[in-house]
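Novice: Attaching a single structure in structure tokens format; questions to follow.
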Amino acid sequence: MALLLGVVAALCWGLHDLCVRRMSQQSDIAASMTVVLSVGCVSLLIASLVSGCLGGTDHQLVEEALAGISFAVATYCLWHAFGCGSVRLVAPIVAAYPVVTLLLAMSSGESIAWIQWLMVLTVIAGVGIVARGESDAASSAIKPAILWSVCAAISFALTFWLGQQAMVGGETWPVLLVTRMIAVLTVVIFMLLSGGLRWPVRADLPVLLVMGILDTVALAAVLFAGRLPGGLYATVTASLFGVVTILLAWAVLKERLLPLQWIGVGITFAAIGVLSAT
């Protein structure tokens with residue numbers, strides 16, 4: 001059951017990122033993010049009410065606020081990365097956020113095993129192979145895509161690290177809800193400072209609503225699997241969502257990979273899986 005839930009999470013996040021690839025090229029990013037994150041807030045509110053743990057917990061408000069801001073930044077960078085770069089390039093870099101998480105853990109005093117360092121170097125090598133296979137014709141878009149992707153990976157790592165700190169002594173659902181609400185508030189403030197509040201066109205709303213639901217289902221699957229025997233398998237499987245995104249882009253968007261890039265993708269996500277397991 002834990003493995004199945006991990007597969008569900010990977011599929012949902014993979015499909016979510018494929019939608020990001022499409023929507024980021026035709027929609028206002030901040031306005032679209034507001035809808036997706038708001039759907040997540042409503043879903044998390046329902047989950048908190050159903051679980052009966054909405055109130056009565058200790059909230060680490062500073063950590064939650066910082067995690068929410070970091071999540072908004074990460075999502076914004078992710079949308080921009082998919083807007084200017086190919087899925088085959090962006091997905092492995094963003095999915096490498098466990099590398100940054102490992103470095104954050106080390107800075108807080110945790111010891112890092114040699115196998116983890118080896119996997120970090122392997123992830124970097126795999127991403128390098130994928131990036132090297134990008135055509136020269138698209139070289140003008142490669143650097144911005146890499147920059148946005150790296151910023152997204154760093155911000156996601158910070159989000160999860162801060163989120164874990166916030167969950168100490170508190171319930172999971174309320175912490176996630178507060179974090180998402182702060183993320184929405186961050187995006188709204190950004191819009192106010194950059195031209196005023198905006199709303200996506202009506203035709204985009206169905207896709208954005210589905211994206212919000214996919215993200216919440218994936219998150220719920222991983223959290224629920226963590227309470228089951230073998231919950232680690234769900235975490236490892238879910239961390240490979242980037243593979244799903246790349247395969248969907250290959251099948252749906254006709255984004256082709258060179259044989260060497262397939263090798264790079266395989267190396268990268270195999271190393272990410274090992275990192276998630278350790």
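The values are calculated or read from the model by the stated rules, or taken from the named source; none is laboratory data. Keep in mind that this is a model prediction, so the values were computed, not measured. Neighbour counts are summed over all protein chains in view; Cβ atoms, including those assigned to glycine, are modelled from backbone coordinates with ideal geometry.
Novice: Count, please, the residues in the stretch 254-265 that happen to be surrounded by 14 or more Cβ atoms within 10 Å (Cβ to Cβ) and not β-branched (Val, Ile, Thr).
Specialist: Matching residues across the stretch 254-265 total 6.
Novice: Moving on to the next point. For the stretch 1-22, state whether one or more residues are at pLDDT 85 or above, surrounded by fewer than 20 Cβ atoms within 10 Å (Cβ to Cβ), over 16 Å from the mean Cα position of the chain (by Cα) and in a loop (DSSP other than H, G, I, E, B).
Specialist: No, the stretch 1-22 has no match at all.
Novice: Does the stretch 214-227 include one or more residues that are at positive phi, modelled with pLDDT under 85 and surrounded by fewer than 15 Cβ atoms within 10 Å (Cβ to Cβ)? Can you show your working first?
Specialist: So the first thing to find is which residues in the stretch 214-227 are at positive phi, and the list is none.
Within the stretch 214-227, not a single residue is at positive phi, modelled with pLDDT under 85 and surrounded by fewer than 15 Cβ atoms within 10 Å (Cβ to Cβ).
Novice: Quick one: in the stretch 11-22, which of the residues that are hydrophobic (A, V, I, L, M, F, W, C) and in contact with a Gly (Cβ under 9 Å, 6 or more places away or on another chain) is farthest from Ala238 (Cα to Cα)? Can you show your working first?
Specialist: Initially, the stretch 11-22 is screened for residues hydrophobic (A, V, I, L, M, F, W, C), giving 11-13, 15, 18-20.
Filter again for in contact with a Gly (Cβ under 9 Å, 6 or more places away or on another chain), leaving 13, 20.
Numbers: Trp13: 8, Val20: 18 Å.
In this case the residue turns out to be Val20.
Novice: Taking the condition of being assigned to a helix (DSSP H, G or I), of a type outside the set (Val, Ile, Thr) and under 18 Å from Gln164 (Cα atoms), how many residues in the stretch 84-136 meet it? Break it down stepwise before answering.
Specialist: Initially, the stretch 84-136 is screened for residues assigned to a helix (DSSP H, G or I), giving 84, 87-94, 97-107, 114-132, 136.
Now restrict to residues that are of a type outside the set (Val, Ile, Thr): 84, 88-89, 91-92, 97-98, 102-107, 114, 116-119, 121, 125-126, 128, 131-132, 136.
Still in the list and also under 18 Å from Gln164 (Cα atoms): 97-98, 102-107.
Matching residues across the stretch 84-136 total 8.
Residues checked against (1) surrounded by 24 or more Cβ atoms within 10 Å (Cβ to Cβ); (2) of a type in the set (Phe, Trp, Tyr); (3) touching a residue at least 40 places away in the same chain (Cβ under 8 Å); (4) in contact with a helix residue (DSSP H, G or I) (Cβ under 6 Å, 6 or more places away or on another chain):
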{"position": "Leu49", "(1), (2), (3), (4)": "no, no, no, no"}
{"position": "Leu66", "(1), (2), (3), (4)": "no, no, yes, yes"}
{"position": "Cys84", "(1), (2), (3), (4)": "no, no, yes, yes"}
{"position": "Ala95", "(1), (2), (3), (4)": "yes, no, yes, yes"}
{"position": "Thr101", "(1), (2), (3), (4)": "no, no, yes, yes"}
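Novice: Looking for whichever is modelled with pLDDT of 90 or more and either closer than 16 Å to Cys77 by Cβ or buried (at least 18 other Cβ atoms within 10 Å of the Cβ) (or both) here; the options are Val184, Val130. Which one fits? Let's see the steps before the verdict.
Specialist: On the way: Val130 fails: modelled with pLDDT of 90 or more.
Answer to the check: Val184.
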